[in-house]
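The values are calculated or read from the model by the stated rules, or taken from the named source; none is laboratory data. These numbers were taken from a predicted model, which means no experiment stands behind them. Don't worry about glycine lacking a Cβ; one is built from the backbone with ideal geometry, like all the others, and counts go over all protein chains shown. Surface accessibility is based on the protein's heavy atoms, side chains included, excluding ligands, DNA and RNA. Shrake-Rupley method; radii C 1.70, N 1.55, O 1.52, S 1.80 Å.
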Amino acid sequence: MMRFFHKKEVPVPTVQGLFLILLAFGILFAGLGAGVYPFLAQNRPQAEATLAIVEGWIDDADLVAVVDRLPSGTVYIATGGPIEFGADLFRERTYAELTAVRLQKLGVKPRFILEAPAPGTSVDRTYISALAVCDRLQEAGLFGQPANIYTVGSHGRRSYLLYRFAFGSDVPLGIVSLESSKSDLRHWWRSSMAFKNICTEVVSLSYTYCTWWKYD
């Protein structure tokens, strides 16, 4: 008679063994959890940068932090596509234009501000903004000068990667990821907003790495 199954002894953990396994996994996940934010919030500034590329969606408090840390004479490039909410309340139509106004309110003189508005898109918004910055810098005769991208929190590594795709490997380009003024992303597991932020960036960064050929 044909037999399709046979008995076999399978070892199972004891209570103590199960405790050690769970403890090991807990330590592993805690280490990964503590390390994911520093990985995403990449900081790799260019010390000699004279250009500051400011992502136009950052909050007012974060924009103040950018201006406070930079010397006078720095040229700011304000980025961003069409304003999505409350557009009828503003004269400006893009986050780039709105951020240029915000910079002026903070004391930056207009001659040190360049606007790089990006077209509306539902995909690859950061990359499209990076291409708009390239075009604006070339138009102003500044493309190729050392620059730092200023963003917030966990968006840093993805922003740097996409701007690097747009700018090429020869341009001296750095990234500065400011601490978020809205949530504690270093302890992202403590709030739903921070948890969502980190998970979204992990997925988005993975997608960017997996589709690198799109930006070639």
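Out of Glu92, Glu48, Glu115, which single residue is modelled with pLDDT under 95, surrounded by 15 or more Cβ atoms within 10 Å (Cβ to Cβ) and of a type outside the set (Lys, Arg)? Even if it seems obvious, please write down each step before you answer.
On the way: Glu48 fails: surrounded by 15 or more Cβ atoms within 10 Å (Cβ to Cβ); Glu115 fails: modelled with pLDDT under 95.
Going through Glu92, Glu48, Glu115 in turn, just one is modelled with pLDDT under 95, surrounded by 15 or more Cβ atoms within 10 Å (Cβ to Cβ) and of a type outside the set (Lys, Arg): Glu92.
Pick from region 170-190 the residues that are part of a loop (DSSP other than H, G, I, E, B) and modelled with pLDDT of 90 or more: which of them is farthest from Asp60 (Cα to Cα)? Working first, answer last.
Taking region 170-190 as the starting set, the residues that turn out to be part of a loop (DSSP other than H, G, I, E, B) are 170-172, 179-184.
From the residues that got through so far, the ones that are modelled with pLDDT of 90 or more too are 170-172, 179.
Working: Asp170: 32, Val171: 29, Pro172: 27, Glu179: 13 Å.
My answer is Asp170.
On the given criteria, is Arg111 within 23 Å of Thr211 (Cβ to Cβ), of a type in the set (D, E, K, R) and in a helix (DSSP H, G or I)?
It is false that Arg111 is within 23 Å of Thr211 (Cβ to Cβ), of a type in the set (D, E, K, R) and in a helix (DSSP H, G or I).
Could you check region 190-215 and list, in sequence order, the residues that are among the aromatic types (Phe, Trp, Tyr) and exposed (fewer than 14 other Cβ atoms within 10 Å of the Cβ)?
Within region 190-215, the first condition is being among the aromatic types (Phe, Trp, Tyr), and the residues that meet it are 195, 207, 209, 212-213, 215.
Correct list: Tyr207, Tyr209, Trp212, Trp213.
Looking only at region 131-169, count every residue that is touching a helix residue (DSSP H, G or I) at 6+ places or on another chain (Cβ under 7 Å) and either more than 16 Å from Ile58 (Cβ to Cβ) or assigned to a helix (DSSP H, G or I) (or both) and tell me the total. Quick ask: steps written out before the conclusion?
Filtering region 131-169 down to residues touching a helix residue (DSSP H, G or I) at 6+ places or on another chain (Cβ under 7 Å) leaves 131, 134, 143, 149-159, 161-163, 165-167.
So of that shortlist, the ones also either more than 16 Å from Ile58 (Cβ to Cβ) or assigned to a helix (DSSP H, G or I) (or both) come out as 131, 134, 143, 153-159, 161-163, 165-167.
Count: 16.
Restricting to region 60-89, and then to whatever is under 17 Å from Gly107 (Cα atoms) and part of a loop (DSSP other than H, G, I, E, B), can you tell me which residue is most open to solvent (accessible area, probe 1.4 Å)? Give the derivation first.
From region 60-89, those under 17 Å from Gly107 (Cα atoms) are 60-78; that's our starting set.
Cutting the leftovers down to part of a loop (DSSP other than H, G, I, E, B) gives us 70-74.
Values: Leu70: 36, Pro71: 87, Ser72: 119, Gly73: 44, Thr74: 14 Å².
Once the filter is applied, the top-ranked residue is Ser72.
Within region 126-141, is even one residue modelled with pLDDT of 95 or more, on the phi > 0 side of the Ramachandran plot and open to solvent by 20 Å² or more (accessible area, probe 1.4 Å)?
Yes, the conditions are met somewhere in region 126-141.
Kindly indicate which of Val10, Val36, Val64, Val15 is β-branched (Val, Ile, Thr) and at pLDDT 95 or above.
Details: Val10 fails: at pLDDT 95 or above; Val36 fails: at pLDDT 95 or above; Val15 fails: at pLDDT 95 or above.
The unique qualifying residue is Val64.
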